[in-house]
Amino acid sequence: MAAMASRRPDSQWRFAGSDGIHRLHVDQWDPPAEPRGVVQIVHGMADRIARYGELAAQLTAGGYAVIGADLLGHGETALGPGELGFFAAEGGWETAARDVRELRRIGARRFPGIPYFLLGHSMGSMLVRQHLDDHPAGADAVDGAILSGTTYMNKPMAAAGIAGLTVSMRVRGRRGSRAVSPLVEHLGGRLGKKFEPQRTSSDWLSRDPDYVDANLADPLCGFPATLSLSRDLMVGCRNVGGVASLHRLRTPVLFVSGSEDPLGGRPALRRIMHELEAAGHPDFTALVYPGGRHEMFGEVNRDEVFDDVAAWLDARTPARFTGR
């Protein structure tokens with residue numbers, strides 16, 4: 001499919017978050033005819049749903065409705081700059097997972113009777129994996145999932161991260177949960193140095209300098225994570241980042257990764273594929289793009305990635321739902 005410019009959403013709306021405080025901002029993109037399926041996007045850390053307009057343009061052109069919310073502490077859901085990078089003082093991961101589930105329910109009501117897919121990037125991929133683990137069957141289950149920039153982490157490593165971050169929060173006192181995580185700041189700087197010559201601290205995201213610069217210029221992207229959000233992500237990795245969760249997984253899954261992604265890439269996918277094969281998973285595909293970095297939906301070859309995602313979706317959408 002030919003390249004398409006980023007598309008503005010057809011509608012924007014909000015729904016009540018599970019924390020009882022926030023109303024989550026949603027972007028919705030509609031296809032030109034009756035949709036053949038729904039793709040719900042779950043964005044990554046220090047990210048927001050508006051950045052997925054180019055992917056949405058490709059998917060809607062293929063007949064899919066696309067929806068996605070700004071998570072707690074992100075984008076237009078955050079109640080001001082002071083909330084960026086913060087889910088909750090306690091239980092943030094579980095709260096975010098409930099919000100993903102709630103939007104899935106709303107999406108199914110808006111677009112009833114057609115296949116429903118989740119697409120998650122980076123931290124969003126872990127939230128999607130949490131949903132797949134929590135809802136393998138029943139009304140909240142989905143027809144397939146696309147996981148971009150995901151990783152593998154065993155339970156002891158994640159537990160150690162949770163313990164260390166919890167201590168860091170406690171020694172900082174009452175506002176420790178909102179303190180900036182030095183671990184994430186250090187990691188971000190280290191990731192950028194992997195690629196030489198280093199042009200920016202965010203070179204690890206993509207080889208496309210325009211894409212990287214747009215991310216750096218966006219005040220609602222690239223902000224530092226709080227200690228509590230870093231701990232929340234470790235909770236997600238403990239829950240679904242390792243062997244046990246992979247062995248339970250039965251939903252059709254497409255993994256998308258750049259070979260040079262420093263947060264996962266080929267080594268992480270190799271371990272994930274090994275575990276899925278060992279468990280006899282019936283339908284999984286891994287696409288690793290040579291030279292690609294962390295954000296394949298913003299890479300120099302993103303049109304190729306979009307086409308591969310669309311082809312995978314089409315193969316799992318019954319002909320009677322083509323909408324054509």
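The values are calculated or read from the model by the stated rules, or taken from the named source; none is laboratory data. The shown structure was predicted, so the numbers you read here are calculated from the model rather than taken from an experiment. Methodologically, a virtual Cβ is constructed for each residue, glycine included, from the backbone with ideal geometry; neighbour enumeration extends over all protein chains shown.
Please list, ordered by first then second residue, the pairs with beta carbon atoms under 8 Å, 6 or more apart or interchain, first in segment 201-229 and at pLDDT 95 or above, second of a type in the set (V, I, T) and outside any helix (DSSP H, G or I).
Short answer, once both residue conditions are applied: S206/V300; R207/V300; D208/V300; V212/T200; D213/T200; L216/T200.
Kindly establish whether R248 is among the charged types (D, E, K, R), more than 30 Å from E83 (Cα to Cα), surrounded by fewer than 17 Cβ atoms within 10 Å (Cβ to Cβ) and in contact (Cβ under 8 Å) with a residue 60 or more places away in the chain.
In short, yes.
If I filter segment 125-147 down to residues being buried (at least 22 other Cβ atoms within 10 Å of the Cβ) and either free of Cβ contacts under 8 Å to residues at least 40 places away in the same chain or closer than 14 Å to N239 by Cα (or both), which single residue comes out as nearest to the chain's Cα centre (by Cα)?
S125
What number goes with the only condition from (1) out of contact with any Pro (no Cβ under 8 Å at 6 or more places or on another chain); (2) assigned to a loop (DSSP other than H, G, I, E, B); (3) touching a residue at least 40 places away in the same chain (Cβ under 8 Å) that P112 does not pass?
(3)
Count, please, the residues in segment 251-306 that happen to be among the basic types (K, R), touching a residue at least 12 places away in the same chain (Cβ under 8 Å) and out of contact with any helix residue (DSSP H, G or I) (no Cβ under 8 Å at 6 or more places or on another chain). Outline the logic, then answer.
Restricting attention to segment 251-306, the residues satisfying the condition of being among the basic types (K, R) are 266, 270-271, 293, 302.
Keeping just the survivors that are touching a residue at least 12 places away in the same chain (Cβ under 8 Å) gives 266, 271, 293, 302.
Now drop any that are not out of contact with any helix residue (DSSP H, G or I) (no Cβ under 8 Å at 6 or more places or on another chain), which leaves 266, 271, 293.
The total comes to 3.
Which numbered condition in (1) more than 19 Å from F223 (Cβ to Cβ); (2) of a type outside the set (D, E); (3) crowded, with 20+ Cβ neighbours inside 10 Å; (4) within 15 Å of the chain's Cα centre (by Cα) is the only one that R101 fails?
Evaluating R101 over (1) more than 19 Å from F223 (Cβ to Cβ); (2) of a type outside the set (D, E); (3) crowded, with 20+ Cβ neighbours inside 10 Å; (4) within 15 Å of the chain's Cα centre (by Cα) leaves (3) as the failure.
Taking I21, is it over 21 Å from H121 (Cα atoms), of a type in the set (A, V, I, L, M), out of contact with any Cys (no Cβ under 7 Å at 6 or more places or on another chain) and not in a helix (DSSP H, G or I)? Give the steps one after another, and end with the answer.
Values: over 21 Å from H121 (Cα atoms): yes; of a type in the set (A, V, I, L, M): yes; out of contact with any Cys (no Cβ under 7 Å at 6 or more places or on another chain): yes; not in a helix (DSSP H, G or I): yes.
For I21, the condition - over 21 Å from H121 (Cα atoms), of a type in the set (A, V, I, L, M), out of contact with any Cys (no Cβ under 7 Å at 6 or more places or on another chain) and not in a helix (DSSP H, G or I) - is met.
So M126 passes all but one of these: (1) modelled with pLDDT of 95 or more; (2) out of contact with any Cys (no Cβ under 8 Å at 6 or more places or on another chain). Which condition number does it fail?
M126 satisfies every listed condition except (2).
Collect the residues in segment 155-174 that are closer than 14 Å to R231 by Cα, surrounded by 12 or more Cβ atoms within 10 Å (Cβ to Cβ) and charged (D, E, K, R), keeping them in residue-number order.
K155
Give segment 79-96 a look and list any residue that's surrounded by 18 or more Cβ atoms within 10 Å (Cβ to Cβ) and part of a loop (DSSP other than H, G, I, E, B), or say none.
L84, G85, F86, F87, A88
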